[in-house]
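The values are calculated or read from the model by the stated rules, or taken from the named source; none is laboratory data. Quick caveat: nothing in here was measured; it's all calculated off a predicted structure. Reconstructed Cβ throughout: ideal geometry from the backbone, glycine too, with neighbour counts over all protein chains shown.
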Amino acid sequence: MIDLKLDDSVLYALIPVVAIVQIVLAFTVLKARIRYMKSLWKNKRTRFLALGLLAVRFVIRYGLGVAGLALGAVTGQLALGIVMAVIGTVMAWGDQWLILRTLKHAHANAA
């Protein structure tokens, strides 16, 4: 981790450079991804899943706090990361499973 409070003024000079690179990427390379994300947010199910994951994250953070794990500590952050990774993976798997099942049934009904 870089500590910007050090005497290295070079690190301070990198901040505008990184900001400019991010802006250039946002307007060029990432433009297609931004378009895809906008179309995803039009789907009611996607919004529901995103808000559900956000709610789950806050519930897990509260639960870890009640359990006595400091949220700023490595243990708390690691536990939160693992739980969120598992939940996100299971939700993505379930969504893909549903899509493939629907396509399979549509294909079987068309034949």
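Within segment 59-81, the set of residues being exposed (fewer than 13 other Cβ atoms within 10 Å of the Cβ) and either among the β-branched types (Val, Ile, Thr) or modelled with pLDDT of 80 or more (or both) comprises VAL59, TYR62, VAL66, VAL74, THR75, LEU78, GLY81. Of the residues examined, MET84 is not one that is touching a residue at least 40 places away in the same chain (Cβ under 8 Å) and in contact with a helix residue (DSSP H, G or I) (Cβ under 8 Å, 6 or more places away or on another chain). Of everything in segment 1-25 that is modelled with pLDDT under 80 and either touching a helix residue (DSSP H, G or I) at 6+ places or on another chain (Cβ under 9 Å) or surrounded by 10 or more Cβ atoms within 10 Å (Cβ to Cβ) (or both), the residue that is nearest to ILE87 (Cα to Cα) is ILE2.
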